[in-house]
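The block underneath contains the structure these notes are about, expressed in structure tokens.
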Amino acid sequence: MMRVIVTNSYDEMSTEAAKIVAGQIYLKPDSVLGLATGSTPLSMYKKLIAVHEMIGLDFSQVTTFNLDEYIGMAPDNPQSYHYFMHHNFFDFINIKPENIYIPDGMAKDIVAEGKRYDALIEAKGGIDLQILGIGQNAHIGFNEPDIKFEATTHKVRLDEETIQANSRFFQTEEEVPRYAISMGIKTIMLAKKVVLLANGRNKAEAIYNTVCGSISPSAPASILQLHRDATVIVDKEAASLLPDRVCDKICG
């Protein structure tokens with residue numbers, strides 16, 4: 001089942017997402033969360049930090065698994081997703097360091113690292129709530145178009161469109177890594193609940209293909225139409241191509 005929530009702004013989108021994450025933790029203090037990086041979830045993380053500071057949202061029993069990491073990038077590199085997560089979220093909440101899992105982009109054997117990562121997720125009981133962003137080509141994680149749906153955590157070559165989109169975080173496009181290790185579509189689909197976030201008109205086509213398009217590896221996020229509990233939260237611009245009939249709620 002897919003639910004679509006349309007909000008008036010990026011801030012409202014982030015608030016709705018933070019409510020869902022906080023609710024998950026309140027209902028199940030030892031939740032396993034799947035987390036995303038990039039600019040889209042930043043405000044959600046800030047709002048969760050605020051809830052933690054103001055009313056004591058407790059992360060002490062929470063376990064997290066991040067979607068992906070660049071291959072060949074050390075954890076202390078400011079462009080790494082290890083660095084991103086600590087400096088934008090983990091360092092400001094009471095999560096235990098031993099409960100934080102991020103793929104090892106420096107692993108000598110990436111295939112073995114992918115298998116290790118999936119085994120860890122399974123050993124922790126699976127992901128209760130997976131947060132996703134989406135690329136302009138409808139990729140989720142770093143699962144670019146035409147990657148097989150049955151893929152588990154694996155090495156991926158980034159599309160040129162993704163490289164260009166990520167270049168805003170680097171001084172030059174040449175510095176953007178060309179490879180990453182990412183949870184696969186199968187790993188994502190095994191999460192008990194999925195929340196996908198998108199904002200901005202540049203994501204409108206990807207959101208339309210995700211919600212209304214044919215289920216195809218050419219639009220990786222379209223597979224979420226088959227998920228048992230998927231929620232898509234978007235602002236009005238990202239929802240601009242969606243027919244009114246699919247929109248479950250207008251916030252604000």
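The values are calculated or read from the model by the stated rules, or taken from the named source; none is laboratory data. Bear in mind the structure is a predicted one, so any value in this text is a computation, not a measurement. Quick reminder, even Gly has a Cβ in these numbers, built from the backbone with ideal geometry, and neighbours come from all protein chains shown. Accessible surface is based on the protein model in full, side chains and every heavy atom, while ligands, DNA and RNA are left aside. Shrake-Rupley method; radii C 1.70, N 1.55, O 1.52, S 1.80 Å.
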Given (1) farther than 20 Å from ILE223 by Cα; (2) under 18 Å from the mean Cα position of the chain (by Cα), index of the condition GLU174 fails: (2)
Can you find, within the stretch 96-125, the residue that is nearest to the chain's Cα centre (by Cα) among those that are surrounded by 13 or more Cβ atoms within 10 Å (Cβ to Cβ) and of a type in the set (Val, Ile, Thr)? ILE102
Being of a type in the set (Lys, Arg), under 14 Å from the mean Cα position of the chain (by Cα) and open to solvent by 20 Å² or more (accessible area, probe 1.4 Å): is that true of LYS193 here? yes
What residue, of SER9, SER60, SER31, is farther than 23 Å from ARG201 by Cβ, polar (S, T, N, Q) and in contact with a strand residue (DSSP E or B) (Cβ under 8 Å, 6 or more places away or on another chain)? SER31
Considering each residue of the stretch 22-45, count those that are farther than 21 Å from LEU120 by Cβ, in contact (Cβ under 8 Å) with a residue 24 or more places away in the chain and not polar (S, T, N, Q), and give that number. 7
Across the stretch 8-66, what is the total count of residues that are under 29 Å from THR162 (Cα atoms), of a type in the set (Ser, Thr, Tyr) and in contact with an Asp or Glu (Cβ under 9 Å, 6 or more places away or on another chain)? 5
Given the residues ALA198, ALA230, ALA239, which is the only one that is surrounded by 24 or more Cβ atoms within 10 Å (Cβ to Cβ), touching a Gly at 6+ places or on another chain (Cβ under 9 Å) and not polar (S, T, N, Q)? ALA198
Taking the stated definitions as given, is TYR117 part of a helix (DSSP H, G or I) and either without any contact (Cβ under 8 Å) to a residue 24 or more places away in the chain or charged (D, E, K, R) (or both)? no
Counted residues, the stretch 138-154 - those being surrounded by 15 or more Cβ atoms within 10 Å (Cβ to Cβ) and more than 15 Å from the chain's Cα centre (by Cα): 6
In the stretch 136-146, anything in a loop (DSSP other than H, G, I, E, B) and either closer than 12 Å to THR37 by Cα or among the polar types (S, T, N, Q) (or both) is listed as GLN136, ASN137, GLY141, PHE142
